[in-house]
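Derivation of every value follows stated rules applied to the coordinates shown; laboratory data play no part. Bear in mind the structure is a predicted one, so any value in this text is a computation, not a measurement. Glycine gets a Cβ as well: all are built from the backbone with ideal geometry, and neighbour counts include every protein chain shown.
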Amino acid sequence: MGILHVVATPIGNLEDVTLRALRVLREADLVLVEDTRHTRVLLDRHGIKANRLVSLHAHNEAARCARALEVLDAGGQVALCSDAGTPLLSDPGARLVASAIAAGHAVSPVPGPTAIAAALCAAGLDAARFSFAGFLPRRTKERRALLDELAPRRDALVFFESPRRIGETLRELADAFGDRRACVARELTKLHEELARGTLSELAARFADGARGEITLVVEGISDELRDAAAPQPGDLDAEIRARLARGEGVREIAASLAAASGIPRRQIYARALALRDTAPPARRAPSDRGD
């Protein structure tokens with residue numbers, strides 16, 4: 001039986017690679033990577049001439065799996081890399097790993113860099129427990145459903161985001177979670193590395209026009225103190241919504257605030273606030289210049 005090595009590679013600085021990873025890449029009978037041009041820079045830097053360097057991405061994974069299994073069936077060694085960091089974490093390769101396991105081959109992780117751990121350790125937030133959410137769904141309904149699910153989590157939340165969308169995402173997170181502390185980790189380990197820390201609203205303003213480079217975002221989880229201090233008791237939820245409506249708060253604003261404080265899904269509070277608003281007596285309006 002063969003061995004499939006899942007190899008972590010640098011997320012930026014090419015010195016951040018293990019001796020074992022270099023040896024595996026040198027000895028493998030087949031090296032599968034997202035972009036051969038990208039990985040060749042790493043290999044050239046460390047004087048490695050790969051036996052066979054072949055691309056593997058979302059559009060050709062099925063064919064590449066078949067080729068890799070041929071090598072493994074012959075008792076060979078295959079190395080799987082992503083462009084940067086640890087494979088399968090928002091990168092292709094899951095199908096290959098599953099196929100190798102199903103065929104009875106050994107799958108061996110070669111650990112190393114990951115933007116998730118790098119961002120967590122420098123964010124300045126409690127990272128004892130965390131959840132990795134990857135890239136948020138592009139469809140609005142799916143994205144909001146996921147944010148509703150994540151809002152009551154006590155663990156830190158880690159996201160990947162494109163530099164073009166980061167400002168919009170930060171605003172949406174502030175709306176869904178409340179104005180929690182966060183860290184935008186940009187271009188980690190590279191020349192222009194930046195770790196911007198602040199509240200979600202502060203960071204949304206800072207990156208309103210977008211950013212450059214690869215971005216990992218860390219958001220603190222909801223604290224027990226905040227949840228306990230701010231959350232209305234279930235029997236008091238309607239009273240709290242009515243009071244906020246009477247103060248002139250909008251339904252969306254109420255849902256975002258109470259969801260972040262209580263852990264109740266935002267869409268559930270939103271629906272309840274709509275119902276209470278629609279059944280409430282009409283507010284008295286001040287006379288207008290038109291004689292209303």
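Summary table below
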read-out: CD proxy at 222 nm, helix term only [per DSSP H run n ≥ 4: -39500 (n - 2.57); per residue of the chain; nearest 500]; value: -12500 deg cm²/dmol
read-out: Taking region 95-239 and dividing mean pair separation by its residue count, relative contact order in percent (alpha carbons under 8 Å, at least six apart); value: 26
read-out: Stretch in the chain that is longest and holds no trypsin sites (Lys or Arg not before Pro) that DSSP places in a loop and that have at most 16 other beta carbons within 10 Å; value: 53-128
read-out: Using alpha-carbon coordinates, inclination of helix 140-150 to the longest axis of the chain, degrees; value: 90
read-out: Amide H within-cut-off set for residue 193, under 5 Å, with H built and near neighbours excluded; value: none
read-out: Gain on full stretching of the segment that runs from residue 117 to residue 70 - 0.36 nm per residue minus C-alpha separation; value: 13.5 nm
read-out: Relative contact order of the chain, pairs being alpha-carbon contacts under 8 Å that are 6 or more residues apart, as %; value: 17
read-out: At R0 = 35 Å, FRET efficiency that the Cβ-Cβ distance of residue 243 and residue 212 yields, to 0.05; value: 0.20
read-out: Computed FRET value (nearest 0.05) for residue 20 with residue 164, which takes r as the C-beta separation and R₀ as 25 Å; value: 0.10
read-out: Highest-fluctuation residue, 31, 41, 251 considered, GNM on the chain with Cα pairs under 10 Å; value: 41
read-out: Förster radius 41 Å - calculated FRET efficiency between residue 145 and residue 41, Cβ distance, rounded to 0.05; value: 0.55
read-out: Antiparallel DSSP beta bridges within the chain, percent to nearest 5; value: 45
read-out: For the chain, Kirkwood radius (reciprocal of mean inverse C-alpha pair distance, Å); value: 21.8
